[in-house]
Amino acid sequence: MPARLRGLAPVLLLIAVSACSSGAPSPAATESSSVRFASYDFPENQILAEVYAEAARRAGLPVSVQHGVGTREVVLPALEQGVIDVVVDYLGTAVSFTHPSVEDVSRVPDEMHGMLRDALGGRGVTVLEPAQAQDQNGFAVTTTFAGERGVVRLSDLAPLAPGLTFGGPPECPDRPFCLLGLVNTYGLHFGHVRAMPSRAATVEALTSGDIDVGLLETTDARLAVAPVVLLADDRALQPPENVVPLVRTASVDRWGEKLRTALDAVSARLTTGDLVELNRSVELDGLTPAAAAARWWGRG
């Protein structure tokens, strides 16, 4: 199945769930013969799905992986409704998504983990232990731009923003830690905003001058080789973004402690440096997410 159609499959299943009458079981509600891992629509999350899925395989569990399912608006409802069983998320963004009306959310990881656990527990989702590894949104400019404009912090962009072009993922304008946050926290009103199809395209657009500022995650391997630099988040817009697995509670009950223990063991081992190296394996070395995960596991 083409990647685009695979990404639509959970959406179609969600439609089927809502359309089913109470007298007929929906396809999503039936138990799967495997633990179904799903990823968001960007490479690092696909890699993480493979890393955690391999842990379940090594524990003797049957596993299936579906990549690029979509954004959080698609994936989390799919998890709650039983279309998928596991998604690897990021703590700060997940808390913001589940608490959209809370203005002053805690920035303490343990408290954030508790908030997420309480929010999703009633929706049939179990929040496992977070990893030390984290990946935050970052905002990059070229080294030439930074040097010529004297820009080192995000707040330095305020007087320049009306004459600049910003590039980020299509959902960025509505995200509290992306363009919306840049407006609210830093007062950055860019003259133009362009949707970027990928982080690789963002780097290309930066270096070609098509955009002036672009979103790149802080673990993006291209930061080490491309002539771009992240600007300091001097007003602490970004929250802690520890990697954290979310698992359908019915799946935890079905597969037992074997599943929970396997996934928690990955989180206990995974570091931010590992994320950078995993991303390098895919972005620079050309490995698939599955091959990158296998290389990580091969290091013992």
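The values are calculated or read from the model by the stated rules, or taken from the named source; none is laboratory data. In this text, all values refer to a predicted model and were calculated from it rather than measured experimentally. Using ideal geometry, Cβ is built from the backbone for each residue, glycine included, and neighbour counts are taken over all protein chains shown. Just so you know, the surface numbers come from the protein's heavy atoms only, side chains and all, with ligands and any DNA or RNA stripped out. Shrake-Rupley method; radii C 1.70, N 1.55, O 1.52, S 1.80 Å.
For this structure, a couple of remarks:
- Residue list for region 57-81, filter: of a type in the set (A, V, I, L, M) and either closer than 16 Å to ARG260 by Cβ or open to solvent by less than 40 Å² (accessible area, probe 1.4 Å) (or both): ALA59, LEU61, VAL63, VAL69, VAL74, VAL75, LEU76, ALA78, LEU79
- Members of region 136-148 that are within 22 Å of the chain's Cα centre (by Cα) and open to solvent by 10 Å² or more (accessible area, probe 1.4 Å): GLN136, ASN137
- Region 253-290, residues that are open to solvent by less than 60 Å² (accessible area, probe 1.4 Å), of a type outside the set (Ser, Thr, Tyr), part of a helix (DSSP H, G or I) and closer than 19 Å to ARG222 by Cβ: GLY273, ASP274, LEU275, VAL276, LEU278, ASN279, VAL282, GLU283, PRO289
- Whenever a residue of region 58-74 is over 18 Å from GLU171 (Cβ atoms), its partners that are assigned to a strand (DSSP E or B) and among the charged types (D, E, K, R), lying with C-beta atoms within less than 6 angstrom and at least six residues away or across chains, give the pairs SER64/ARG36.
- Residue satisfying all of: in region 99-135; out of contact with any Leu (no Cβ under 9 Å at 6 or more places or on another chain) and among the hydrophobic types (A, V, I, L, M, F, W, C); least open to solvent (accessible area, probe 1.4 Å) among these: ALA119
- Residues satisfying the stated conditions in region 149-200, i.e. within 25 Å of GLU283 (Cβ to Cβ), touching a Cys at 6+ places or on another chain (Cβ under 9 Å), open to solvent by 10 Å² or more (accessible area, probe 1.4 Å) and assigned to a helix (DSSP H, G or I): LEU179
- Among the residues making up region 216-252, those that are touching a Lys or Arg at 6+ places or on another chain (Cβ under 8 Å), surrounded by 15 or more Cβ atoms within 10 Å (Cβ to Cβ) and part of a strand (DSSP E or B) are LEU216, GLU217, VAL228, VAL247.
- Qualifying position, being assigned to a strand (DSSP E or B), closer than 20 Å to LEU237 by Cβ and touching a residue at least 24 places away in the same chain (Cβ under 8 Å), among ALA146, ALA140: ALA140
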